[in-house]
Amino acid sequence: MLKTDRRHTLVTLVVDAARKEQAVLKWVVQACRQQAEDSMNGAKASHYQAAANWW
């Protein structure tokens, strides 16, 4: 499981399950990238560690 804070737990669970299915790998990459970019682009310094984990 990706290391994350409680705020991202649901997305983490979905991503972990989806990674096992080849058909949805593109979605997994997009979901992780979106999670990281939301924190980085929003200058949410308190979420930078979570962003690094997602990216």
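The values are calculated or read from the model by the stated rules, or taken from the named source; none is laboratory data. Just so we're clear, the structure is a prediction, and the values are computed from it rather than from any experiment. Please note: Cβ atoms are built from the backbone with ideal geometry, for glycine as well, and neighbour counts cover all protein chains shown.
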- Note on the structure: Flagged pairs (Cβ under 6 angstrom, 6 or more apart or on separate chains; first in the stretch 28-43, assigned to a helix (DSSP H, G or I); second surrounded by 12 or more Cβ atoms within 10 Å (Cβ to Cβ) and of a type in the set (D, E, K, R)) are 28/19
- Task: Confirm whether residue 17 is of a type in the set (Gly, Ala, Ser) and at pLDDT below 80.
- Result: no
